[in-house]
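Down below is the structure, laid out as structure tokens.
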Amino acid sequence: MPSLPQAPPRPEDEVALLALAELERKALYKKGGIKFHYFGISEILKAYIGARFQFDAPESTSREVIFHLESTLKLTGEPL
């Protein structure tokens, strides 16, 4: 039996926007979870940046992410 074709992966911006909408739906900040809310935003942004610029941003420190982006953008001239 032939396998069904798989749908192409979603673009990283779409994935990030869906994750942000889900985080907003949880409304952690309204339940006293402000730190969890901002941590969630940070994780979503790191996942987006990692997918967009093809490196392991979620496992990097903020300083490492900035260094990687600065290095990449200087070399490619690509706008953020």
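What the table below lists for this structure:
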read-out	value
Of all residues making up the range 48-61, the number that are of a type in the set (A, V, I, L, M), in contact (Cβ under 8 Å) with a residue 12 or more places away in the chain and open to solvent by less than 50 Å² (accessible area, probe 1.4 Å)	1
Residue within the range 2-21 that is hydroxyl-bearing (Ser, Thr, Tyr), farther than 22 Å from Glu70 by Cβ, open to solvent by 90 Å² or more (accessible area, probe 1.4 Å) and within 15 Å of the chain's Cα centre (by Cα) present	no
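Residues are listed down the side, and each one gets a yes or a no for (1) outside any helix (DSSP H, G or I); (2) modelled with pLDDT of 95 or more:
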position: Leu23; (1), (2): no, yes
position: Ser42; (1), (2): no, no
position: Arg52; (1), (2): no, no
position: Phe55; (1), (2): yes, no
position: Phe67; (1), (2): no, no
position: Lys74; (1), (2): no, no
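The values are calculated or read from the model by the stated rules, or taken from the named source; none is laboratory data. Model, not experiment: these values are computed from the prediction. So basically every Cβ, Gly included, is an ideal-geometry build from the backbone, and we count neighbours across all protein chains shown. Protein only, heavy atoms only, side chains kept; ligands, DNA and RNA dropped before computing areas. Shrake-Rupley method; radii C 1.70, N 1.55, O 1.52, S 1.80 Å.
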